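Please treat every number below as a calculation from the coordinates, not as lab data. Nothing here was measured: the structure is a model prediction, and the numbers come from that model. Quick reminder, even Gly has a Cβ in these numbers, built from the backbone with ideal geometry, and neighbours come from all protein chains shown.
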Amino acid sequence: MNLAKIIPLSMSLAFLFPSLARSAGEITTMDTSWEEISIGQKECVRRAKMAIKNGGFAGGLVVVKNTSVFGDRGAYIASVRCFASKQMVFFVVAGPSADRVAEYRSVLESQFNLSQ
């Protein structure tokens with residue numbers, strides 16, 4: 001992911017989670033991944049909400065424009081974005097520990113796929 005895409009994402013996350021914006025110095029790393037899907041937008045968003053909840057990111061849970069689901073877990077923030085028209089789903093977790101964001105992102109993917 002290039003910097004031109006990370007900056008707007010970071011700004012969006014700070015807007016959605018102002019309490020985290022105060023501690024922006026703590027968010028030092030981000031982990032992302034894409035996965036192919038063959039489900040509709042409504043089902044993708046349903047799974048995204050379940051993945052966020054079951055992955056422990058239920059704090060501040062919000063759905064934006066029926067495409068993105070955001071949540072937080074202490075100093076960590078997560079998002080699952082659905083692009084059913086492109087048969088893709090995007091996972092992102094940001095927070096202070098690189099190891100933990102990678103672990104949490106993997107959990108989101110697992111929870112998304114378990115929600116079948």
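Could you order peptides 80-92, 57-69 by the average number of other Cβ atoms within 10 Å of their residues, highest first? Present the calculation step by step, with values, prior to reporting the outcome.
Values: 80-92: 18.6, 57-69: 15.6.
Answer by packing, highest mean first, reads 80-92, 57-69.
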Going 7 Å from the Cα of residue 97 toward and past its Cβ, which residues in segment 38-63 have a backbone nitrogen under 20 Å from where you end up? 52-59
